[in-house]
Ligand code: OOG
Ligand code: NI
């Protein structure tokens, strides 16, 4: 084989993500409007705040900003999950993290497929939040059987994409022509089909159990249900959406607005009611697809994450209800109050080891190295201004936020309660490999940047 003619997985991912965005814009024009709004606001923020641009330039996020997006799909079977893992692997995307959403009333568990090395993330941070339906949570045995029979019958992958996945696995890559064909064939799995595979009565039974179950079981494949660009000012977008005829969900999920953003803040526009054809009736409707916006901040250490989880839990406890249109203002206030306890400067977050960082050698450091006048330890190098740092951007998801995004797009009738035990082992069995630990990945990226600094200074 000709290894040198293989297209890099990151390049395949970049192209795929662009095609996916074009396809979704054509399918859901409102997502295109959202993209325009996000681009406008990002440009404006960059024009007004040179320090934001400077920060993004330094961390390499500037180049990836406009192509940054994530999507989400919902799968029906273990076999589908195992094969989607192989499909994403062609694009250099690995399963990272485990999210159990059943405690929040959503009958799925999930992982995120994404690039894992900072250099690859920089080329294309495209991620796909991938959920697997928990069929065991359907309490009616007859309905459960109907659903699993239907899922067993469908094949969500084209014959050609399977051949190309195998070719990639055996030969170690795909050349230009095969990569382009792979992208087109892989897109088919994510395409919307307005023809459902069930009768109108069957759809109703599935829907009555949970709208999500109907969304997975009644269709030919796992249509992409939203795509999410990255904004530099989510509050402005949230406020601007209604002025442009886009209906946002009640509250922004995640931490409050801060000087130094942490983790992930998200909001979405409500899912659209779309025309579908059942096998026995052509004028049905289904509500599943939406658009989302995210603002990303610093990745937190276990200590920082524990503090975040605690403050969020305290906020929700005091609100004493799920966030909604009625209590949105109070929720935002409470959130801001409780998060006063989370230090809002990079220095404090660094010194208290609340976040992960990337380290840089400064001009001063280079000069000192040239004069062989360097202090010894990393801490001394930082105090002396020879090394500086920027937080690592959070590349993952948040279970409470994800549940909020799901819920806001499932309608109020879908507020279910499940007392399922977490089943990461079962999920990994279906997947065919363990999911990667996101915290370990951030720690590795941080360590690599320290090693690089020391190598430059000691050279
Ligand atoms: C996924 C919802 C979760 C996010 O960004 O947290 C998600 C879904 O609705 O399938 O995408
Ligand atoms: Ni999302």
Looking at 102, 131, which is the one that is buried (at least 17 other Cβ atoms within 10 Å of the Cβ), more than 16 Å from residue 82 (Cα to Cα) and within 20 Å of the chain's Cα centre (by Cα)?
102
So residue 365 passes all but one of these: (1) on the phi < 0 side of the Ramachandran plot; (2) more than 22 Å from the chain's Cα centre (by Cα); (3) free of Cβ contacts under 8 Å to residues at least 40 places away in the same chain. Which condition number does it fail?
(3)
Cβ pairs under 8 Å, 6+ apart, first in segment 385-407 and in contact (Cβ under 8 Å) with a residue 40 or more places away in the chain and more than 19 Å from residue 305 (Cα to Cα), second more than 9 Å from ligand 1 (Cβ to nearest atom) and assigned to a strand (DSSP E or B):
386/361; 387/359; 387/360; 387/361; 389/357; 389/358; 389/359; 389/360
Please list, ordered by residue number, the helices (runs of 4 or more DSSP H) wholly in segment 1-93 having 3 or more residues that are farther than 24 Å from residue 291 by Cβ and either out of contact with any strand residue (DSSP E or B) (no Cβ under 7 Å at 6 or more places or on another chain) or within 16 Å of ligand 2 (Cβ to nearest atom) (or both).
9-27, 50-59, 78-90
Among the residues of segment 98-112, write down those that are within 11 Å of ligand 1 (Cβ to nearest atom) and either part of a loop (DSSP other than H, G, I, E, B) or closer than 23 Å to residue 165 by Cβ (or both).
101, 106, 110, 112
Residue 202 versus (1) closer than 23 Å to residue 129 by Cα; (2) touching a residue at least 12 places away in the same chain (Cβ under 8 Å); (3) buried (at least 19 other Cβ atoms within 10 Å of the Cβ): which is the lone unmet condition?
(1)
For segment 258-270, state whether one or more residues are closer than 23 Å to residue 23 by Cα, more than 13 Å from ligand 2 (Cβ to nearest atom) and surrounded by fewer than 23 Cβ atoms within 10 Å (Cβ to Cβ).
yes
Could you count how many residues in segment 129-139 are in contact with a strand residue (DSSP E or B) (Cβ under 7 Å, 6 or more places away or on another chain) and either more than 13 Å from ligand 1 (Cβ to nearest atom) or touching a residue at least 60 places away in the same chain (Cβ under 8 Å) (or both)?
4
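Any read-out appearing in this document is the output of simple, stated calculations on the displayed coordinates, not a laboratory observation. Note that the structure is a prediction, hence the values are computed from the model and not measured. Counting neighbours? That spans all protein chains shown, and the Cβs are built from the backbone with ideal geometry, glycine included.
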